[in-house]
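Just below is one structure, and these are the notes that go with it.
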Amino acid sequence: MEVKIFMAQTVNAKIARRTGEEDFLSPRNWQEFKKITEKAGAFLVGRKTYEAVKKWEEKGFRDINAERIILSKKESFEPVEGYTKASSPEKAVESAKEKGIDSLIVTGGANANSSFMEKGLVDELILNIEPYVLGKGIDLFAEKDIEQEMKLEKVRELEKDIVQLRYSL
């Protein structure tokens with residue numbers, strides 16, 4: 001199973017406002033996420049990210065043709081139809097494998113990203129860097145004891161000054 005973290009972020013590594021809003025991100029990031037995710041076949045988000053995105057009117061996870069997994073340790077949380085709940089990164093990977101999927105895209109939030117990094121499950125980190133600075137917001141990773149050396153594999157400029165960085169771990 002190949003696990004990739006895909007995130008759009010500001011130049012100072014903020015993935016959302018403190019409220020969870022991502023209004024500063026270009027729609028081009030969503031298009032890239034959709035393309036990468038549909039090719040992979042499955043994506044995972046944390047419960048808070050799922051709750052934030054389901055409020056979006058113009059786009060959302062329902063538009064992605066891929067298996068949808070929500071990472072949540074909250075026992076009372078029940079996902080809506082079309083989503084699978086996993087209580088740990090390992091269970092999420094196992095769930096995707098059971099469905100015959102070879103690649104899983106992890107796409108936030110900070111806690112979900114950190115959980116996969118802590119377990120050493122991430123093979124690639126894909127970052128779309130938006131030309132924007134946000135002083136207060138949600139970081140790419142939650143404050144955890146994570147240290148990881150990476151190798152830059154590819155740099156690609158997308159439209160509207162967005163740069164995509166791909167790192168192997």
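The values are calculated or read from the model by the stated rules, or taken from the named source; none is laboratory data. Everything quoted here is computed from the prediction, not taken from an experiment. Because the Cβ atoms are built from the backbone with ideal geometry, glycine has one as well, and the counts that use them run over all protein chains shown.
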### Query
Any chance the range 73-84 includes a residue that's in a strand (DSSP E or B), among the β-branched types (Val, Ile, Thr), farther than 24 Å from GLU21 by Cβ and free of Cβ contacts under 8 Å to residues at least 60 places away in the same chain?
yes
### Task
Run GLU22 past the list (1) at pLDDT 90 or above; (2) within 24 Å of GLU157 (Cα to Cα); (3) not in a strand (DSSP E or B) and report the number of the one that doesn't hold.
(1)
### Summary
The one condition ILE69 fails out of (1) crowded, with 19+ Cβ neighbours inside 10 Å; (2) in a strand (DSSP E or B); (3) touching an Asp or Glu at 6+ places or on another chain (Cβ under 8 Å) is (3)
### Query
Scanning the range 75-90 for residues that are of a type in the set (D, E, K, R) and within 17 Å of the chain's Cα centre (by Cα), which turns out surrounded by the fewest Cβ atoms within 10 Å (Cβ to Cβ)?
GLU90
### Task
Give me the pairs, please: first residue somewhere in the range 96-122 and charged (D, E, K, R), second residue anywhere and outside any helix (DSSP H, G or I), beta-carbon distance under 7 Å, and either six or more positions apart or on two chains.
LYS97/MET1; LYS99/GLU67; ASP102/MET1; ASP102/GLU2; GLU118/LYS144; GLU118/ILE146
### Query
Under 6 Å by Cβ, and 6 or more places apart or on different chains, what pairs join a residue from the range 1-23 that is acidic (Asp, Glu) with one that is part of a strand (DSSP E or B) and surrounded by 14 or more Cβ atoms within 10 Å (Cβ to Cβ)?
GLU2/SER103; GLU22/ALA16
### Task
Say whether the condition of being surrounded by 18 or more Cβ atoms within 10 Å (Cβ to Cβ), over 17 Å from the mean Cα position of the chain (by Cα) and at pLDDT 95 or above is met by at least one residue in the range 131-145.
yes
### Query
How many residues are more than 19 Å from ALA112 (Cβ to Cβ) and modelled with pLDDT under 85 when one looks only at the range 25-61?
3
### Task
Taking the options VAL133, VAL163, VAL155, name whichever one is free of Cβ contacts under 8 Å to residues at least 24 places away in the same chain, out of contact with any helix residue (DSSP H, G or I) (no Cβ under 6 Å at 6 or more places or on another chain) and among the hydrophobic types (A, V, I, L, M, F, W, C).
VAL155
### Conditions (1) of a type in the set (Gly, Ala, Ser); (2) part of a loop (DSSP other than H, G, I, E, B); (3) under 19 Å from the mean Cα position of the chain (by Cα); number of the one not met by SER95
(2)
